[in-house]
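Student: Quick one: structure below, then a few questions.
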Amino acid sequence: MKLLTLSAFAAACLLLHSPRVQAQDQDYPNAGYTPDYLADELNAHMYDAMVDYMNGENTMAANEVRKSVRFVRSAERSAKGVHRAELKGSQDELTALQSDLLSNKEVSARRMRHVFSKADLAIARHHLGYAVEFEAKKDFESAGSAMASAAQYTAHAGQWAGEEVGEGSEDAWRGVKKVGHDIGVGATVTAEDVSKGIKAVDNETKKLGKKMFSRKKEKYDIFWIEADQF
């Protein structure tokens, strides 16, 4: 039996973010374009799934993965083109993972991290698509909000994959965070800052995707993520 011991701080962080505490077991009709806090909702389900898996509770882990499937499915319904295909692929992988956990088949932590990282990356690119659409309509506040959500999902994808997002482009990534902060406090954002932010997030999703699918699989053996990273 796998046993996980969390520090008191990590356990507290997990409790705060846990969808069980929030009692939100419902579909997400607005997952195609959502406030930033729902970016954490998907990862809270996946984090709980990893905790359950590490403690040998495969049925409970499968239930959390099921909730992740529902989130991704909701996003997929409103997606278009390549983003819809990416979300459908992620949904299929999550569903297969859920099935294997329920059947008590051999499932590795490495596989779970890879599937969870791909889910975050697919959602990130979906939000980025919205950001580009809003920018074209000169709705820079909405574009910045969608871009900030895309950045958050990209960061989560990097955490699951064990990759540092924004590495080598720190100034651009700080600009992304500034736009997200300004929107959060109701400050005005400029078209230039939003445009730069969208390009920066687009670059990071592409870089992360290449790293995820080209490197040695063994990197996923470093499988744990501290709760306070979320």
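The values are calculated or read from the model by the stated rules, or taken from the named source; none is laboratory data. Model, not experiment: these values are computed from the prediction. With ideal geometry, Cβ positions are generated from the backbone for all residues, glycine too; neighbour counts draw on all protein chains shown. Note: areas computed on protein heavy atoms with side chains; ligands, DNA, RNA excluded. Shrake-Rupley method; radii C 1.70, N 1.55, O 1.52, S 1.80 Å.
Student: Taking A122 and the conditions (1) over 17 Å from E41 (Cα atoms); (2) in contact with a helix residue (DSSP H, G or I) (Cβ under 8 Å, 6 or more places away or on another chain), which numbered condition does it fall short on, given that it satisfies the others?
Tutor: Just one mismatch for A122, condition (1).
Student: Name the residue, out of A155, A151, A143, that is under 28 Å from R110 (Cβ atoms) and touching a helix residue (DSSP H, G or I) at 6+ places or on another chain (Cβ under 7 Å). Reasoning before the result, please.
Tutor: Working: A155 fails: touching a helix residue (DSSP H, G or I) at 6+ places or on another chain (Cβ under 7 Å); A143 fails: under 28 Å from R110 (Cβ atoms).
Step by step, each of A155, A151, A143 is checked, and only A151 is under 28 Å from R110 (Cβ atoms) and touching a helix residue (DSSP H, G or I) at 6+ places or on another chain (Cβ under 7 Å).
Student: Only one of these is touching a His at 6+ places or on another chain (Cβ under 9 Å), in a helix (DSSP H, G or I) and open to solvent by 30 Å² or more (accessible area, probe 1.4 Å): Q159, Q152. Name it. Spell out how you get there, then give the answer.
Tutor: Working: Q159 fails: touching a His at 6+ places or on another chain (Cβ under 9 Å).
Criteria check complete, one pass: Q152.
Student: So, in segment 19-73, how many residues would count as being among the aromatic types (F, W, Y) and modelled with pLDDT of 50 or more?
Tutor: Number satisfying all stated conditions: 3.
Student: Any idea how many residues of segment 159-172 are in contact with a helix residue (DSSP H, G or I) (Cβ under 6 Å, 6 or more places away or on another chain), on the phi < 0 side of the Ramachandran plot and not charged (D, E, K, R)?
Tutor: 5
Student: Then there is this: Does G180 qualify as being open to solvent by less than 30 Å² (accessible area, probe 1.4 Å), in a helix (DSSP H, G or I), farther than 24 Å from V51 by Cα and not polar (S, T, N, Q)?
Tutor: Yes, satisfied.
Student: Also, quick follow-up: Output the number of residues of segment 193-221 satisfying the condition of being over 13 Å from V165 (Cα atoms), surrounded by fewer than 17 Cβ atoms within 10 Å (Cβ to Cβ) and at pLDDT below 90.
Tutor: The qualifying residues number 8.
Student: When both residues are 6+ apart or on different chains and their Cβ atoms are under 6 Å apart, which pairs have a first residue that lies in segment 100-123 and is at negative phi, and a second that is surrounded by fewer than 23 Cβ atoms within 10 Å (Cβ to Cβ) and aromatic (F, W, Y)?
Tutor: Every condition considered, the pairs that remain are A109/F223; R110/Y220; R113/Y220; R113/F223; H114/Y220.
Residue-wise test of (1) out of contact with any Phe, Trp or Tyr (no Cβ under 8 Å at 6 or more places or on another chain); (2) farther than 23 Å from A155 by Cβ; (3) part of a helix (DSSP H, G or I); (4) open to solvent by 10 Å² or more (accessible area, probe 1.4 Å).
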{"site": "V72", "(1), (2), (3), (4)": "yes, no, yes, no"}
{"site": "E76", "(1), (2), (3), (4)": "yes, no, yes, yes"}
{"site": "K88", "(1), (2), (3), (4)": "yes, yes, yes, yes"}
{"site": "L94", "(1), (2), (3), (4)": "yes, no, yes, no"}
{"site": "S99", "(1), (2), (3), (4)": "yes, yes, yes, yes"}
{"site": "N104", "(1), (2), (3), (4)": "yes, yes, no, yes"}
{"site": "A122", "(1), (2), (3), (4)": "yes, no, yes, no"}
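Student: Open to solvent by 40 Å² or more (accessible area, probe 1.4 Å) and in a helix (DSSP H, G or I) - does that describe any residue in segment 47-58?
Tutor: Scanning segment 47-58, I find no residue that is open to solvent by 40 Å² or more (accessible area, probe 1.4 Å) and in a helix (DSSP H, G or I), so the answer is no.
Student: Which of the residues that make up segment 135-149 are of a type outside the set (A, V, I, L, M), surrounded by fewer than 21 Cβ atoms within 10 Å (Cβ to Cβ) and over 13 Å from D202 (Cβ atoms)?
Tutor: Matches in segment 135-149: K137, K138, D139, E141, S142.
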